[in-house]
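Worksheet: the structure to be examined is printed underneath.
The values are calculated or read from the model by the stated rules, or taken from the named source; none is laboratory data. Computed from a prediction, not measured in an experiment: that's the story for all the values here. Please note: Cβ atoms are built from the backbone with ideal geometry, for glycine as well, and neighbour counts cover all protein chains shown.
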Amino acid sequence: MLTSLSNPQLLTSLILPFDRRHPVLHRSPSITAFDGGGGGGGGSRDGDRFRALSLKRSGFLSVVDRAMEEEEEYRKARAEVQRKGVDVEGYLIEGISVGGHETCVLVPSLNVAFDIGRCPSKAVHQDFLFITHAHLDHIGGLPMYLATRGLYNLKPPTVFVPPCIKEDVVNLLEIHRRMSQVELKLDLVALGLGETYEIRNNLVARPFRTHHVIPSQGYVIYSVRHKLKKQYAHLKGPQIKKLKLSGVEITDIVLSPEVAFTGDTNSDFILEPRNADALRAKILITEATFLDDENDIEHAREHGHLHLLEIMEHAQWFRNKAILLTHFSSRYKVEDIRQAVSKLQPKFQLPFMRYRHYGFVGIYFKDGGPFQRERESIHQNFV
């Protein structure tokens, strides 16, 4: 322990950048060992000076200061992301996604949230919550989400989970009910691959296969519309009405993939034949945990994540109008993300991008027109 605390590099590995527990380390024996340079009360001031000097030389204070600065940056950025969303293809996308810390993405117009790492306040008001997998940075906020909705007297939400974790989620919530004496009401739905759930009469959801280090799945939200069958296209209004009143089914149901969310996954999801709808959804929200050569593609695959280079390699498979990249590792700064994403330029047409270190990077498949002007204005507003 003494060696770890006197070595800034080892210390960094022991303290997560945003771990609020790090101030208690001043009680560690390795720190108090510098106390009492002169023994008695008269020597306490000299002891304090000696301790401060020793800490400064050891690098301990600089590590703690850096951790506190990063935590403050995270807190401010988190609040900023909660205040502002990203307007994409007619949808406002809100939320936050930091690899290993927290993911929660909201589409308020659909009344939908994807994952619930720490339960940001706006997530509480979404009635439908889709959980991709059981890692805490994606499901850890579930009890708080349910408890807060109960506090606000909101109706029980519908929460979707992969079937393989439903029983564990039931047990988890039962433990919280016993400990907190709170009801935690919800409709828990195990939604498996190949199944469809009707959110409302013009909106349905289907899961699709993803590839993480534990069982996982993504979700596609579809709009539903009724299109007159071709054989009746030549008929006039009164004739169509007569057929309808007689019980004839005159329309086909058309599903259009609007928003797809992958959660954590490696690139294998792109090559899944049954995932075509995710790759042609109007908006694809996926991850790009790793960006540089320090953590290569093999490292990303080993940990069940996507590397930005793989998005370039598989560019030909994407038919989306927009892609939002999320879940960047907290090791990356804003400039790191800007430089890395700029390498997508040869593979994708990027009329504009919006950067937000703790939020999203948007890749837009649009050309010319007003989007070029919007590009100029958004370049003024990079976070």
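For the reader, a short list of remarks on this structure follows.
- Strands (runs of 3 or more DSSP E) wholly inside segment 126-199 containing at least 2 residues that are aromatic (Phe, Trp, Tyr): 128-130
- Any hit, segment 266-284, residues being at pLDDT 85 or above, part of a strand (DSSP E or B), under 30 Å from Ser329 (Cβ atoms) and within 41 Å of the chain's Cα centre (by Cα): yes
- Verdict on Lys227 being charged (D, E, K, R) and in a helix (DSSP H, G or I): no
- Only one of the numbered conditions (1) in a loop (DSSP other than H, G, I, E, B); (2) among the β-branched types (Val, Ile, Thr); (3) modelled with pLDDT of 80 or more is not met by Val383, and that is (3).
- Selection within segment 180-235: residues that are more than 19 Å from Phe160 (Cβ to Cβ) and among the small types (Gly, Ala, Ser). The member of this set that is surrounded by the most Cβ atoms within 10 Å (Cβ to Cβ) is Ser180.
- Scanning segment 234-248 finds no residues that are of a type in the set (Ser, Thr, Tyr), over 28 Å from Thr103 (Cα atoms) and assigned to a strand (DSSP E or B).
- Looking across Asp137, Asp115, Asp127, Asp168, one residue alone is buried (at least 23 other Cβ atoms within 10 Å of the Cβ) and either in contact (Cβ under 8 Å) with a residue 12 or more places away in the chain or touching a strand residue (DSSP E or B) at 6+ places or on another chain (Cβ under 8 Å) (or both). It is Asp115.
- From the options Gly304, Gly359, Gly368, residue that is part of a loop (DSSP other than H, G, I, E, B), within 19 Å of Thr132 (Cβ to Cβ) and modelled with pLDDT under 75: Gly359
- Check on Leu228, more than 30 Å from Ala190 (Cα to Cα), in contact with a Ser or Thr (Cβ under 8 Å, 6 or more places away or on another chain) and modelled with pLDDT under 85: yes
- Matching residues, segment 136-158, being more than 13 Å from Cys104 (Cβ to Cβ) and not hydroxyl-bearing (Ser, Thr, Tyr): Pro143, Leu146, Ala147, Arg149, Gly150, Leu151, Asn153, Leu154, Lys155, Pro156, Pro157
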